[in-house]
1. Return the residue satisfying two criteria in turn: it lies in the stretch 378-406 and is within 30 Å of ASP336 (Cα to Cα) and either in a strand (DSSP E or B) or among the charged types (D, E, K, R) (or both), and of such residues it is nearest to the chain's Cα centre (by Cα).
2. With the requirement that a residue be within 23 Å of TYR649 (Cα to Cα), in contact with a His (Cβ under 9 Å, 6 or more places away or on another chain) and not polar (S, T, N, Q), what does the stretch 596-627 give you?
3. What is the number of the single condition among (1) among the polar types (S, T, N, Q); (2) at pLDDT below 90; (3) over 21 Å from the mean Cα position of the chain (by Cα) that THR273 does not meet?
4. Condition first: acidic (Asp, Glu) and modelled with pLDDT of 95 or more. Now tell me which residues in the stretch 178-206 satisfy that.
5. Please count how many residues of the stretch 660-705 are within 26 Å of SER170 (Cβ to Cβ) and in contact with a strand residue (DSSP E or B) (Cβ under 9 Å, 6 or more places away or on another chain).
6. Any chance you could count how many residues in the stretch 672-692 are touching a helix residue (DSSP H, G or I) at 6+ places or on another chain (Cβ under 8 Å) and either under 13 Å from THR181 (Cβ atoms) or buried (at least 21 other Cβ atoms within 10 Å of the Cβ) (or both)?
7. Which of the residues spanning the stretch 151-196 are among the basic types (Lys, Arg) and assigned to a loop (DSSP other than H, G, I, E, B)?
8. Limited to the stretch 674-705, what total is found for residues that are within 26 Å of TRP617 (Cβ to Cβ) and free of Cβ contacts under 8 Å to residues at least 24 places away in the same chain?
Amino acid sequence: MKTISSLLITALITPLLAVQDIDAYFSMPMEDLLNLTIISSTGTPSSLSDAPSIATVITAKQIERSSARTLDEVLAMVPGLHVNYTGAYQRGGYDIRGISATTFNSQILTLINGTSIDKLETGSPFQRFTFPASAIQRVEVIRGPGSAVYGADAFAGVVNIITKDAYYLSTHSQAGVRYGTYNQSEVFGNYGEIYENGINLGLNLSYISSDGDNRRVVHNDVQTTFDTLFGTNASLAPSTLHSQFDVFNLNMNLSFEKFSMNLWSYLQQDNGTGAGAANALDNKGDITGNYFIVDLNHNSYSSSTLEWNNKLTLSYLEEISTLHLFPSGATLPIGDDGNFFTPGGGLVTFTEGAIGIPTIEEHKIALESTLNISTFDNHQIRLSTGVISTDLIARESLNFGPSVLNGTEGSVDGSLTDVSDTPFTFIPNVNRTILFLSAQDEYKLSSTWNITAGLRYDHYSDFGNTINPRVGLVWHNSKAFTTKLLYGRAFRAPSAGELYFKNNPGILGNKELSPETINTVELGTTYSPNTHVKSSINFYWYEADNLIINTPDSTGARIAKNIGAQHGAGIELESIYKINHDILISADYAYRWTKNETTKTSVKNVPIHIAHAMFDWAFFKYFYLNSEIFIVADTPRELGDAREKVKDYQVVNSSFGYKISQHFETSISARNLFDVKYYHPSDANPVGDYPIEGFNIFATLKYRF
């Protein structure tokens, strides 16, 4: 109770922040700080106060003043959103309002400049996706369903990463370097120009890497248990969780008259496999990937009452995972089909480890045409239609599995068999084509009432149709009050993996799956009595059905099935207080009640209490101090899990900056300032919970053009 009380007090007396330049930020009117424009809510620009959704916008300046280096660290600032490094790969999972049912975090739609970057294979971005914060102009986060605008995967919410464009960079171009603990480093540059001939160019480059915290020790893994069962000594535990990464990121936007282009190139190499793909530590494996997206946009017609936009997206993705599922010397039962723990066969010793190199290649082409009409009195109508076609091509080499082993070999070495273009790969080649049509009307009922209604129809080539509506009512009660009442229905299409995974030691697909569905009701009120204070309180309730859960069958194989149902409700508090010209404080608190309808207990691994507070102080004109605290409490285990309670934690980050001159600025930042030992929960009993980064410090030097 003491923890809960402190969370409530913190949230009610402090605030949420959107940082600007040191000299200009604190003199900005409160309405400019908080009524930021958001696009992700309706597909058209609107202020946060008018948007028919519960949303958060985090700006580049807020990010620069904080200690955030990556997208995950930025999103940790969003009320009601918890970044949870669970799963064997230690991927950052975005848990919005306690909806976090699947292994791959596919309930959240992730966009870059309005284009989905989720894979067909999993419905989520890259494994170990590490997007540099230095390229971000703003992040828009919708808490709540978004299928009426975006279709599949906008189930629990939407994260839209908007990169720094030509207009922003024409006055904010910079270059910088960063270096710190764990050999973490970054070199970045942002440049923008508005040319007299009408061409506008924005360019973001970043190379970011880290060796990872070698103090994140895993004491027991799955192989520890197998060693006990089979009399071996193969486990690498205790040893470091492998969290290194190496990423190059390029974003370019180019526009001329009615044409514009966005290019994104993301290259990662030698990324660590966390606790191992099979929860057995892997000090040899890595994840390498390449992602290229080109968006071509054409404004075919534009006037004061009519706008017609067309968008063509071409994307290419390749992800290569070199996985030592089990280490050298592991002895495991191999069935007569060549897989682990299946019937028949016998014990096989893997002298160089059980190795698999699955590769996914995806090609996508999408065409969308959108018509915005405002010719009718008080109406803003948005009509959109399009087609999305994605091809998935799988390749694989391995030293186990069907056509490779039959369980009688006794021992095998590290020689690999290429099973690409055969029936023995982990997933067949897949094509998914989606046709969609959406309609939305933003209607101004009066000077104080706005209503938004939308409907989207999607036809999937591999499982059928779905229709999803939403309605939002916004009431500007007075100059100080705004109230929102919202309803939305959303769906999540089964990923290709959930449908078609095969010959897989971890998860098998199920072609009979149906989409997940969710119905959500939200009520939010914002109160700003003067130019110094603004607070909001949001209530929500949802009911999610047909959740896809990986469930053991009679042979022990985990098969994807529509057997999950989850109810949730909660409250989100946010406040910002401008004490004077130099000081802003902010805080948010979320209480998240969840119920697993199968077990009648709280949903596993989902914290009930989340709080975040920030203090921002500019002093002596050239200095700033930014400090924040994150508090997470009461994270339930799965029913029947006898491990001790997941530990609550409080983590403090801080940054101190100095504006050396008109062009140079430097800062020193520390994350986990007090070196708190804390963990995120794992599903695997033998593994134990995953240790998170301890104290780390880094310095940044920037040159502004």
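The values are calculated or read from the model by the stated rules, or taken from the named source; none is laboratory data. Just so we're clear, the structure is a prediction, and the values are computed from it rather than from any experiment. Backbone-built Cβ (ideal geometry, glycine too); neighbour counts: all protein chains shown.
1. Taking the stretch 378-406 first, the residues within 30 Å of ASP336 (Cα to Cα) are 392-406.
Add one more test, that the residue is either in a strand (DSSP E or B) or among the charged types (D, E, K, R) (or both), and what stays is 392-398.
Numbers: LEU392: 22, ILE393: 24, ALA394: 24, ARG395: 26, GLU396: 27, SER397: 30, LEU398: 30 Å.
By that ranking, first place goes to LEU392.
2. VAL606, PRO607, ILE610
3. Exception for THR273: condition (3).
4. Start the filter on the stretch 178-206 by keeping residues that are acidic (Asp, Glu), which leaves 186, 193, 196.
Of everything in the stretch 178-206, just one residue is acidic (Asp, Glu) and modelled with pLDDT of 95 or more, namely GLU186.
5. Pass one, the stretch 660-705, residues within 26 Å of SER170 (Cβ to Cβ): 660-667, 700-705.
From what is left, the residues that are in contact with a strand residue (DSSP E or B) (Cβ under 9 Å, 6 or more places away or on another chain) are 660, 662-667, 700-705.
Result for the stretch 660-705: 13.
6. We begin by selecting, within the stretch 672-692, every residue touching a helix residue (DSSP H, G or I) at 6+ places or on another chain (Cβ under 8 Å); these are 684, 686-687.
Subset that is either under 13 Å from THR181 (Cβ atoms) or buried (at least 21 other Cβ atoms within 10 Å of the Cβ) (or both): 687.
Number of matching residues: 1.
7. So in the stretch 151-196, the residues among the basic types (Lys, Arg) come out as 164, 178.
Within the stretch 151-196, LYS164 is the sole residue that qualifies.
8. Count: 2.
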